[in-house]
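Novice: This is the structure I want to talk about, given as C-alpha cells.
Read the figures in this text as sums done on the coordinates, not as results from a lab. Keep in mind that what you see is a predicted model, and the values were worked out from it rather than measured. Virtual Cβ from ideal backbone geometry, glycine too; neighbours counted across all protein chains shown.
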Amino acid sequence: MISRIINRDGNRFIEIDGKEYLPAAFRSFRPTPANVSLFYRNGVRLFQMQVSGVNNSLLVPYSAYGGVWVGDGEYNFTAFDRQMEMFMKFAPDGYFMIFAVLDMPPWWREKYSPDAYSFYQLGNACFEEKWVEDAEAYLHALITYAEEKYGDRIFGYAFAAGGSNEWFLGQIPPNKKRAEAFRAYMNDPEAHIPTHEEIKDKSLPTLLNDNSILFKYNRFCAELAPNLILRFARTIQKVICHRKIVGAFYGYTMLPVGWLNQMGVTGYERVWKNGDIDMIFSPAAYYNARHLDGVSTYQVAVNSLELSGKLYLHEIDHRTYLAAYPLDTSYLMRTEYKDEAETLIVLRRELCAAAAKGGALWWFDFFGGYYASPGLEAEIKLQLSILERLSEMPRESVSEIAVFVDPVSFNYMKDQTSMPFDFTRKTRDALNECGAPYDLFNQNDLPFVDIEKYKLFVFLDPLEISQEVKKAISEKLSDKAVVWMYAPNLYSGGIDEVCDIKLREKADSEAKIEYKGDVFGFTDPAAPMFEIDDSSAEILASYTDGAPACAKKGNQYYIATAKATPALWRDIARESGVHIYTDKNAALYVDSRFIARQTMLEEDIELCLPFDCVLEEVFDGGIYKTENKKFRYKAENGKTKMFIITKRL
C-alpha cells in the first residue's frame, strides 16, 4: 500500500492506493466491538490503534490489549495481532494508523533505569542512550512486522513518548546525565541547571537576560524533544521509505502557565519542517475554548502546518456528557457537559473550527462509551456528511488578518508566569471574537506567506526577530497595517529598529489599559513595561493612570500589553480595511465555503458578507438569501449555525 496526503482544490484527503478518503478518524484507549462498530457504521473508515504496554497518568493501561516489547530484543506480537483482528472484523473496509508508545516498559525501568521513567521524566530519559537505542529497535521491529502481515490495511504510523504521549519533558529535577549534557551544551564544566526555586521565582523582571542561565537552559530544553522525535521518525522511514503517512503530537503554544519552556515545547519548528513527518496532531484548545460560551480554537499555528505541507489533525478529546459514568476503571472522568444538548453545542463548534482550517478530525472516545447514545451516533453521521459535502467544494482561506506567534521568544519569558499564556491564549481569545477570521502562522514563516491576501498583520510576541523575517517585514509590509505588541525586537536589535512608534519604559508593573470602558493587561505583574513617548502618534488608548498605551502612527499600531479586547481588535481591523462579518462578540468561523457562528444568547443576528449569496444552514435546515450583502437569523441559546454558501449572486 501507498498512502499520502493530497490537496484537491484546497481540501486535504488521505489517499490510499489512489483512492481518496475523508480525513476523519476514530481513536480510543479502549477500542471494542461496540465503539469501533458505531463509528464504522456511520461512515468512518480511518481508525487509530494504540500499541502500548505502559500505564497512563490515571495509572491504568493505555491499551487493554497489552504491549509487544517484552524483553531485551524480545517482542511478542500476540497482543498486536488480537487488536488488529478485532479492528478488521468490526471495521471490515477500514484502514488503520498504528500509534506506537515508546516509553520504557515496567521490566525495562526496573532493570536499567528506575530513576528516569520516560513517561514522567522524558527530560532525563532522553539521555539514557540504551533506552533510545532499544526503543528504536522495538519501533523498527513493530513496523516491520506490521508491514509484512497487515501492510495492506495500515495507512500510517504515529509514535510517542513522554507525558500524555505528547513529548513533554516533565517538571522534574535533573539527573546526573542531564546535568552533564547541559554542561557540555554550555561548554562550561561548572555550569549548573537552574533549580526549581530559580525556575519558579516570580520576582521581577519577567523577561530574562539572554546571558542568564535560565534563558540558556530554556534554549537547551527546546532541543531535547525535537532531537528524539526526529531520531525516531528516521527509524520509521527506514522501514516504510515514505510510502505511508507518519504523524505525532507536538508543537503547542497554548499550554498553561509554567509549561512552555520547562516542558520543552518551543523547538517544534524543527519537527514541523522535517520531511519525515507528515501530520501533526493536537487536541482542540482547552479551558474557556471548550466552555459553552467559548470559542473553539487551536493550540498550534495551523496555517504554518498547511504552508509546510503538513496535515493538521484536530483531536476531539472532549468528555461528552456520557463520560460521567465509570467504565473499566474506578476513576471517574470529569465530564465537561451535563447533557446531550450541551455536548452538541461544542462538538458542532469544533467541527466548524477544524473545517475552516482544512484540518483532519479525530474523535477520541477515551475509555469507550462517550458517543454511545442515539443522538451522538446520529451526530457523527451528520458531521461526516457535512465534511463530505464541504470536501466537494473548493476551499481557500478568506482571512484578511495574519497573526504570527514566535516560539523562540518564549525562551525569554520566565516559566511560572502567565505572560506566554496571555499572548497565545488570552490575546487570541479576543481576536477570536473580533468579528473577522484570521490565519495563524509561526513568525519565521512570514517570508513564505502570500501577504497580498491580508490587510492586517499582528505580531503576538516578537521579542526576537530573525534577520530573514526583518528583511521580509521591510520589503513586504512597508505599506501594510501592522500591529506590534509589548516589546518587539527587544532582544535582536531594539524596539526602534522595527517599530516606528517611540516608547519609554514604565515603572508600574501592574499597569492596565482602558479602552471603551473595558480594562485589560497582563494577568501577573510584568517588567519591563512600556508607554508611548511619541508626539506624532495618534493615541488610541491609555493606561488607567492616563499614560498612553496604544497608538497608531502611519500604518503601524502598538499595544503595550497582551489581552487587548475584541472591540479594540475590531476597530483596528476595520480601520485597516478588513471585512467585519459581525459587530457582536461570539464564535465565528469562515472560509470560502461557509460561515458559522455560535452564541449562548437568544438574539437577532446580522451577518455581513463580502458579496450577495444564497446560503443553506446544515444543522437545523433553512435557506437564507442576503440582501445588500447581509442576512439575519434568530439565534437560539447555544446552537451552532453553519451556513454553506450554495450560490453567489
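Novice: Tell me the trypsin sites (Lys or Arg not before Pro) within the range 204-307 that lie in a loop according to DSSP and have at most 16 other beta-carbon atoms within 10 Å.
Specialist: ARG243
Novice: Treating each Cα of the range 491-565 as an identical point scatterer and ignoring solvent, apply the Debye formula and state log10 I(q)/I(0) at q = 0.14 Å⁻¹.
Specialist: -0.41
Novice: Under 19 Å from the Cα of LYS471, which aspartates and glutamates turn up, not counting those fewer than eight places away in the same chain?
Specialist: LYS471 reaches ASP406, ASP445, ASP450, GLU452, ASP461, ASP479, ASP496, GLU497, ASP500.
Novice: How much length, in nm to one decimal, is gained on full extension between ASP545 and SER478, taken as 0.36 nm per residue of separation minus their Cα-Cα distance?
Specialist: 20.8 nm
Novice: Okay, moving on. Using the Cα gyration tensor of the range 1-109, with a ≥ b ≥ c the square roots of its eigenvalues, what is the shape: rounded (a/c below 1.5), prolate (a/b larger than b/c) or oblate (neither)?
Specialist: In terms of gyration-tensor shape, prolate.
Novice: Pull out the extension gain between CYS241 and GLU198, defined as 0.36 nm times the separation in residues minus the alpha carbon to alpha carbon distance; nm, one decimal.
Specialist: In short, 11.0 nm is gained.
Novice: To continue, here is another question. Can you tell me the alpha carbon radius of gyration of the chain divided by the globular rule-of-thumb value 2.2 N^0.38 Å?
Specialist: 0.96
Novice: While we're looking at this one, here's another question. Pop out the ³J(HN,Hα) list for the range 467-472 in order, Karplus 6.51 cos²θ - 1.76 cosθ + 1.60 with θ = phi - 60°, rounded to Hz; leave Gly and Pro as x.
Specialist: With the stated coefficients, the range 467-472 comes to 4, 5, 6, 4, 4, 5 Hz.
Novice: With no solvent and one equal point scatterer placed on each C-alpha of the range 401-575, evaluate the Debye formula and give log10 I(q)/I(0) for q = 0.12, 0.16 Å⁻¹, two decimals.
Specialist: For the range 401-575 at q = 0.12, 0.16 Å⁻¹, log10 I(q)/I(0) is -0.48, -0.92.
Novice: Oh, and also: Under 28 Å Cα-Cα from LYS506, which lysines qualify once same-chain neighbours fewer than 8 residues away are excluded?
Specialist: Counting by Cα, and skipping residues close in sequence, LYS506 has these lysines nearby: LYS200, LYS202, LYS216, LYS414, LYS426, LYS470, LYS516, LYS552, LYS553, LYS563.
Novice: Between the range 206-263 and the range 138-188, what is the C-alpha centre distance in whole Å?
Specialist: 11
Novice: Let me know the Kirkwood hydrodynamic radius for the range 237-282, please, with Cα pairs as the basis and the value in Å to one decimal.
Specialist: 11.9
Novice: May I have the pair-distance distribution P(r) for the range 174-258, computed from all Cα-Cα distances with 10 Å bins from 0 and rounded to whole percent?
Specialist: Spelled out per bin, shortest first, that is 13, 35, 30, 16, 6, 0.
Novice: Suppose every Lys and Arg Cβ carries +1 and every Asp and Glu Cβ carries -1, with no other charges. What dipole size does the chain come out with about its Cα centre, to the nearest 20 debye?
Specialist: Dipole of the chain, to the nearest 20 debye: 1100 debye.
Novice: Can you list the lysines whose alpha carbon sits under 30 Å from that of LYS149, skipping same-chain ones fewer than 8 residues off?
Specialist: The reachable lysines, counting only those whose Cα sits under 30 Å from LYS149, are LYS19, LYS89, LYS130, LYS238, LYS244, LYS310.
Novice: Here is a follow-up. Given the options TYR454, ALA430, GLN443, identify the residue whose Cα lies farthest towards the positive end of the charge dipole of the chain (+1 on Cβ of Lys, Arg; -1 on Cβ of Asp, Glu).
Specialist: Looking along the dipole axis, the top candidate is TYR454.
Novice: Given contacts defined as C-alpha pairs under 8 Å and at least six residues apart, what's the relative contact order of the range 152-300, whole-number percent?
Specialist: Over the range 152-300, the number comes to 26 percent.
Novice: Given N residues in the range 197-329, what is its alpha carbon radius of gyration divided by 2.2 N^0.38 Å?
Specialist: Ratio of Cα Rg to 2.2 N^0.38 Å: 1.27.
Novice: In addition: Where the centroid of each part is defined by its Cα atoms, how far is the range 331-354 from the range 1-43 in Å?
Specialist: Here the two parts' Cα centres lie 22 Å apart.
Novice: Given the DSSP H assignment, sum -39500 (n - 2.57) over each helix run of at least 4 residues in the chain and divide by its residue total; what's the result at 222 nm in deg cm²/dmol, nearest 500?
Specialist: Taking each H run of at least 4 residues, the total per residue is -8000 deg cm²/dmol.
Novice: When the Karplus curve 6.51 cos²θ - 1.76 cosθ + 1.60 is applied with θ = phi - 60°, which whole-Hz ³J(HN,Hα) does each residue of the range 367-374 get, with x for Gly and Pro?
Specialist: In residue order, the calculated couplings are 9, x, x, 6, 10, 8, 9, x Hz.
Novice: Right, another one. Expected output is a single nm value to one decimal: the length gained when fully extending between LYS338 and ARG8, i.e. 0.36 nm times separation in residues minus the C-alpha distance. What is it?
Specialist: Stretched fully, the LYS338-ARG8 segment lengthens by 114.9 nm.
Novice: Ok, one more. For a quick check of your reading of the filter: which GluC sites (Glu not before Pro) in the range 507-590 sit in a DSSP loop and have no more than 13 other Cβ atoms within 10 Å?
Specialist: Within the range 507-590, the qualifying GluC sites (Glu not before Pro) (loop, at most 13 other Cβ atoms within 10 Å) are GLU510.
Novice: Based on the alpha carbon coordinates of the range 599-648, what radius of gyration and maximum Cα-Cα distance (Dmax) apply, in Å?
Specialist: Radius of gyration, then largest Cα-Cα span, for the range 599-648: 10.7, 30 Å.
Novice: Distance from a point 7 Å along Cα→Cβ of LYS512 to each backbone N in the range 519-540: keep the residues under 19 Å and list them by number.
Specialist: Correct set: 519-527, 529-531.
Novice: What is the count of Lys pairs in the range 599-648 whose alpha carbons sit under 19 Å apart, if the two are 8 or more places apart or on different chains?
Specialist: 7
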